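Remarks on the structure that follows.
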Amino acid sequence: MPASVFQQPDIPIAAIATPVGVGALAIVRMSGSGVLGIADRVFRKKMGKSFSFEAAEGFTAHVGTLFDSEGMVDEVVALVFRSPSSFTMEDMVEFTCHGGPVVVRRVLAALLDGGCRLAEPGEFTRRAFLNGRIDLLQAEAIGEMIHARTDAAFRTAVTQMQGGLSRRLNEMREGLLQSCALLELELDFSEEDLEFQSREELRSEVDRLDKELSRLVDSYQHGRLLSEGVSSVIAGRPNAGKSTLLNLLLGKERSIVSHMPGTTRDYIEECFIHEKTMFRLTDTAGLRESDEEVEHEGIERSYRKISESDLIIYILDLSSQDYLLEAAVAIGFQKSCPAARMLVVANKTDLTQDWTERIEKLRGAVGCVVVPMAASQGEGLGELKDVMAGMVEGLDKLHEASVLVTSLRHYEALRNASDALHNALELIDGGEATELIAFELRSALDYVGEITGKVVSEELLNTIFSQFCIGK
Ligand SMILES: Nc1nc2c(ncn2[C@@H]2O[C@H](COP(=O)(O)OP(=O)(O)OP(=O)(O)O)[C@@H](O)[C@H]2O)c(=O)[nH]1
Ligand SMILES: [Mg+2]
């Protein structure tokens, strides 16, 4: 994306703000200096000969007809927002027209012909940020709110949009700035050997801020689960019934099921929501020794997915002779992925008479929850879903109790800030030079500032806003 586009804030932008397709209504919006004049050129108000957008007040709606060079396009409602009381803090006009793809495209074309440039993805929000209406955290929260798939993710995004996390971070910045300023004052008077804040006071202030930062860093563990979903991998030997289980949980035929071992080659990912929790489910290639190149790569990917997951669903064929041997494999996964939770699905109970005894033996051997199932018959589904929900219980309560960090970008910046504060504490304890302590506090300040956008690069802005849709 050329940076130059954003260095022309004077050029008004326009975009379709609603999804493409057929709908009752759609919105085409424009923002920037000159949009009122453009609106005057393309719009005739009903029964209002002397109407002009240039003279219209903000927050007013006007019914009329929109024209392009070929004639009438549609009957529309125009909403006027006057700078600075608009989303972008610039003059804005939004046209609500009928929701057919051709109508919408022609309304947009009329605005582009009138002098607007087509907006880049997220450019309206970017302007809201650059003009100081919202900080970067709030801008990102808008994106998260739009994409939220569960109530909990939505509520977290709303809290963030209202400035919950921003307030916390700004308070922290204030505290850091205060300490930095005092240290720098000391440096200015270094010859006089003055201390403007005693080292004990400084230490306890840095320690307080560090504890607060650590709480936010820790909240990411839950925040991530909310925004991305609980990453859950279905793993097991070929033919155990992994794809059957995926399809059953999703309620649709997403993955190919066949009696041939080695059917699934690459992993397949889909989300499903149960009891307000979003699970990101992955079906993987069956685990076995394989010399065949494609299958081998698939199996490698299975292992990678398992090592990155929050929840491992290990599925085995309970009717097979050596079902008990698989307990060792399951235990091995638990050991190598200690952060993940694990459950075992003992599948194909319909194929064995003595399945209850086998389940008992298996439970004794694996030391984690074992859910008996006959996946191809849909048996055991209710219990499995409840066990899955139980394993991530507490997520909602935690969320309601506090402000959460949900984005990797924020998490990394917070961790860097926390590292800098740890360094500062060590320097204070070691009686080290003021410059060194001040340097660490400054770098913590910069990391915190990166999150809200007080310290920000063009490149970072491009990365963040390119993930938005056009028109937002
Ligand atoms: N009788 C019975 N058959 C099942 C059950 N679950 C799955 N199957 C059958 O087992 C075979 C393998 O199922 P899949 O779901 O493709 O197994 P998979 O683990 O994905 O296998 P790969 O992709 O090869 O690793 C299919 O013929 C399924 O119909 C079950 O509970 N009972
Ligand atoms: Mg499969």
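Every listed requirement among (1) away from ligand 1 (no atom under 13 Å from the Cβ); (2) assigned to a loop (DSSP other than H, G, I, E, B); (3) open to solvent by less than 30 Å² (accessible area, probe 1.4 Å) is met by Ile306 save one, (2).
Just to be sure before I move on: is Gln197 crowded, with 19+ Cβ neighbours inside 10 Å, touching a Ser or Thr at 6+ places or on another chain (Cβ under 8 Å) and in the same structural domain as Ala438 (by TED's automatic domain parsing) in the structure I sent? The answer is no for Gln197. Residues in the stretch 286-311 that are in contact (Cβ under 8 Å) with a residue 40 or more places away in the chain and either outside the structural domain of Gly236 (by TED's automatic domain parsing) or over 20 Å from Gly223 (Cβ atoms) (or both): Gly286, Leu287, Arg288, Ser302, Lys305, Ile306. For the stretch 255-277, the candidate set comprises residues that are away from ligand 2 (no atom under 11 Å from the Cβ) and in contact with a helix residue (DSSP H, G or I) (Cβ under 7 Å, 6 or more places away or on another chain); within that set, the residue that is modelled with the highest pLDDT is Glu270. The set of residues from the stretch 282-293 being within 14 Å of ligand 2 (Cβ to nearest atom) and open to solvent by 30 Å² or more (accessible area, probe 1.4 Å) comprises just one member, Arg288. Once the stretch 226-281 is narrowed to residues that are open to solvent by 40 Å² or more (accessible area, probe 1.4 Å), within 16 Å of ligand 1 (Cβ to nearest atom) and among the small types (Gly, Ala, Ser), the residue that is farthest from the chain's Cα centre (by Cα) is Ser258. Taking Lys348, is it in contact with a Ser or Thr (Cβ under 6 Å, 6 or more places away or on another chain), within 29 Å of Gly223 (Cβ to Cβ) and open to solvent by less than 80 Å² (accessible area, probe 1.4 Å)? Criteria not met by Lys348. Does any residue of the stretch 7-22 turn out to be more than 19 Å from Arg127 (Cβ to Cβ) and buried (at least 21 other Cβ atoms within 10 Å of the Cβ)? No, there is no match, as no residue in the stretch 7-22 is more than 19 Å from Arg127 (Cβ to Cβ) and buried (at least 21 other Cβ atoms within 10 Å of the Cβ). Within the stretch 242-254, being closer than 11 Å to Gly286 by Cα and more than 8 Å from ligand 2 (Cβ to nearest atom) holds for no residue.
Quick check on His296: is it modelled with pLDDT under 90 and more than 14 Å from ligand 1 (Cβ to nearest atom)? So His296 fails the test.
Look at Gly132 and say whether it is within 23 Å of Ala56 (Cα to Cα) and assigned to a loop (DSSP other than H, G, I, E, B). In short, no.
The values are calculated or read from the model by the stated rules, or taken from the named source; none is laboratory data. The shown structure was predicted, so the numbers you read here are calculated from the model rather than taken from an experiment. A quick note on method: Cβ atoms are made from the backbone with ideal geometry, for glycine too, and the neighbour counts reach across all protein chains shown. Just so you know, the surface numbers come from the protein's heavy atoms only, side chains and all, with ligands and any DNA or RNA stripped out. Shrake-Rupley method; radii C 1.70, N 1.55, O 1.52, S 1.80 Å.
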